[in-house]
1. For the chain, with a Gaussian network of springs between Cα atoms less than 10 Å apart, report the residue from 29, 111, 154 with the top mean-square fluctuation.
2. Quick one: grab the alpha carbon gyration tensor of the chain, order the square roots of its eigenvalues as a ≥ b ≥ c, and give me rounded if a/c is under 1.5, else prolate or oblate depending on whether a/b is larger than b/c.
3. Is any residue of the range 1-26 close enough, with backbone N under 19 Å, to a label point placed 7 angstrom from the Cα of residue 40 along the Cα-Cβ axis, and if so, which?
4. Using just the helices of the chain, give the 222 nm mean residue ellipticity in deg cm²/dmol: DSSP H runs with n ≥ 4 each add -39,500 (n - 2.57), and the total is spread over all residues, rounded to 500.
5. How high is the FRET efficiency between residue 25 and residue 59 when r is their beta carbon distance and R₀ equals 30 Å, given to the nearest 0.05?
6. Please report the relative contact order for the range 44-141, taking Cα pairs under 8 Å with a sequence separation of at least 6, and give it as a percent rounded to a whole number.
7. Can you tell me the order of 51-62, 16-27 when each peptide is scored by its average per-residue count of other Cβ atoms within 10 angstrom, highest first?
8. Before anything else, pin down the relative contact order of the chain: Cα pairs under 8 Å, at least 6 apart, normalised by residue count, whole percent.
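Only the coordinates and a few stated rules stand behind these numbers; no lab work does. Owing to the predicted nature of the structure, the values given are computational and were not obtained by experimental measurement. Note that each Cβ is placed from the backbone with ideal geometry, even for glycine, and that neighbours are counted across all protein chains shown.
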């Protein structure tokens, strides 16, 4: 179990919100790019994150172009997981492959700044501010293994290819 603070966003946060296009030239300098994560949606976001915080969003998080850097810079900021009502499919898979948990649940009962306790094993997150425990769909075993290793590349380095 891990805990952190909720940083709340609304619906339809796109990869363009996550990495504003004017910073595309920084793709080869990820630490610098990470400083601009979500700055159009929430000015100063990267400097507001404490290691272990959560992004909490509404529907369709990560829509837009398939920018593998988008989940990576979120992770580099110190975010330990994204909780959202729904997530764009390619963003979901990119995030898992990069070691960033994406958890689909009803986020209406989470407010900005609430302290959350995440338990991946029981597929639940408890909001300490209001005592509500939310559940999310159990991640497939292969995805949990990828997350445990910090991403797909680490998994393959440590274990070789998957046996499906």
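1. Between 29, 111, 154, it is 29 that shows the largest mean-square fluctuation.
2. It comes out oblate by the Cα gyration axes.
3. Answer for this model: 9-26.
4. Rounded to the nearest 500, the figure is -6500 deg cm²/dmol.
5. It comes to 0.45.
6. 23
7. Top to bottom by mean Cβ count within 10 Å: 51-62, 16-27.
8. Relative contact order of the chain: 23 percent.
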